[in-house]
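One structure is given below, encoded as structure tokens.
The values are calculated or read from the model by the stated rules, or taken from the named source; none is laboratory data. Being a predicted model, the structure only gives us computed values, none of them experimental. Heads up, the Cβs are rebuilt from the backbone with ideal geometry, glycines too, and the neighbour counts pull from every protein chain shown.
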């Protein structure tokens with residue numbers, strides 16, 4: 001996957017965005033790639049606060065989904081051991 005990103009056929013704007021996010025302390029290359037794949041083009045956000053709001057929304061939705069999955073799994077296990 002990293003080889004493709006570093007190839008000449010990959011869009012330079014996306015590569016630059018990945019490098020920009022990767023330069024933030026605590027964020028690795030894979031996390032940067034994942035964020036860009038979720039976000040798309042960072043330049044589509046007019047202000048930084050809109051990007052942050054989007055990321056918070058995604059994080060809260062993921063937390064909600066994970067919580068729901070955990071509840072469903074717990075209910076299934078609870079039914080098995082009744």
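So that you can scan it fast, the table gives a plain yes or no per residue for (1) modelled with pLDDT under 85; (2) assigned to a helix (DSSP H, G or I); (3) surrounded by 13 or more Cβ atoms within 10 Å (Cβ to Cβ):
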residue	(1), (2), (3)
3	yes, yes, no
7	yes, no, no
14	yes, yes, yes
30	no, yes, no
35	yes, yes, yes
53	no, yes, no
56	yes, yes, no
62	yes, yes, no
69	yes, yes, no
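All of (1) at positive phi; (2) assigned to a helix (DSSP H, G or I) hold for residue 26 with one exception: (2). The set of residues in the stretch 38-51 that are more than 22 Å from residue 11 (Cβ to Cβ) and either part of a loop (DSSP other than H, G, I, E, B) or touching a residue at least 60 places away in the same chain (Cβ under 8 Å) (or both) contains only 47.
Which residue pairs have Cβ atoms under 6 Å apart, sit 6 or more places apart or on different chains, and have a first residue in the stretch 53-70 that is on the phi < 0 side of the Ramachandran plot and a second that is assigned to a helix (DSSP H, G or I) and modelled with pLDDT of 80 or more? Hits for this filter: zero, empty list.
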